[in-house]
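Notes for the one structure printed next.
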Amino acid sequence: MKKILIVHNKYRFTGGEDIAVENEIKLLKLKYDIRLLSFQNDSKNLVFTLLSFLTNRNYKSGKIFKNVLNEFNPDLVYVHNTWFKASLFIFNILEKMDIPVILKLHNFRYNCSRYLLKKNHINKNEFCTACGMKNDGGIFNKYFQESFLKSIFLIRYGKLYFDVLRKSNLKILVLTNFHKIFLENLDIPENKIKVFPNYIEALDKTNINNDKNFILYAGRISEEKGVEELIKQYLKLSEPIFSLKIAGEGPLLKSLMEKYKRENIEFLGEVSNEEIKTLILSSMAVISPTRLLEGQPTLLCEASILGKAAIFPDSEGISEFFPKQTELSFKQYDYEDLLSKLNMLKNKSLLDTESKNNKKFLEEKLNKENLLNNFEKIINE
């Protein structure tokens, strides 16, 4: 049995990528000896954090990584997120030790962070659709966490990260064909890139409250995710037959809670993954109003596996996880079209059809045996 070490730097607020890594570990354990090495960002030691940002080399994490490599002796190292405590230093270590490496890309931020201070990256007061960062119109833009210094470090990280992608001994996994083409257009060799979507674990449907009188958004509460636009369109419904539940944390949560105090709008705050699954099963549909390019939206995919309808933007990446005949996708950035889809939720027959079609399509696309066979093929090539 091959031994695989999975490396992942967890996010401050648990999100889709963290859940995807958990699910993939459960899948790969069916065929491989899996060990997880996870890191958690901790900014208590400001000097140490500053050095990590500046050099993109966390020597403390590197020492931990080396110890695990020597103790576990993996046949393959499978890397997910490295920002920022895991750091890019792990790739230097792996290169010296000549251990095969696979890197999975869950988003597009690696490209954007190379260009953040260039005026043509984002128009004034607009968001980058790949990284979600905003141009405030200044000469030096505070793209990352409202900090110019951190933004500079992020740019350096992006440049070094892109160098990692070009390493000859590295295989790159992406979630969609759209992302594969995106990388090829950046001159990443085609033979290095393989499409391998995230596995969605089968969910327990017992003890579920079948209320179904609400639609659900779950994710980061931030401007680029389109949450406020969703609320605005929801409030335009002449006769809403359902309420809106919003789960998640983020920079806009407090202000939106104060601004939209309505009986039919409920902010749930941070919710565990298990609670999210229960909410999906209890809902009539889920929704993603995102303004970003997305990899594989966990909420939408979990809903499909559970046989729930979904409203989502027609961006190329997201659309790969739904049948072409869906009627509930809206033109991305066109929130009047989003409103028209909200009105369509009154049609129970349509909801039933969408739910069945979505479930069938995704169960075939993310079939457990096929994914395991594809992974085996990828690591043996």
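Details
- Each Lys and Arg contributes +1 and each Asp and Glu -1, all at the Cβ; summed about the Cα centre of the chain, the dipole is approximately 1040 debye.
- Debye, to nearest 20: dipole size of region 214-365, +1 on Lys, Arg Cβ, -1 on Asp, Glu Cβ: 340
- Phi-derived couplings, Karplus 6.51 cos²θ - 1.76 cosθ + 1.60 at θ = phi - 60°, listed residue by residue for region 71-77: 7, 8, 6, x, 7, 8, 10 Hz, with x used for Gly and Pro.
- Measuring nothing but alpha carbons in region 214-365 and taking Rh as the Kirkwood radius, the Rg to Rh ratio lands at 0.93.
- The Cα trace of region 281-381 gives Rg and Dmax of 14.7, 50 Å, the first to one decimal, the second as a whole number.
- Taking the DSSP beta bridges with both ends in the chain, the antiparallel portion is around 5 percent.
- Toward the positive end of the charge dipole of region 243-349, with +1 on the Cβ of Lys and Arg and -1 on the Cβ of Asp and Glu, the farthest Cα among LEU252, MET284, PHE322 is that of MET284.
- Burial ordering of LYS60, LYS194, LYS104, fewest other beta-carbon atoms within 10 Å first: LYS60, LYS194, LYS104
- Pairwise Cα inverse-distance average, inverted: Kirkwood Rh of the chain (Å): 21.9
Values in this text are rule-based calculations from the coordinates and carry no lab data. All values derive from a computational prediction rather than experimental measurement. Cβ sites come from the backbone with ideal geometry, for glycine too, and all protein chains shown count toward neighbours.
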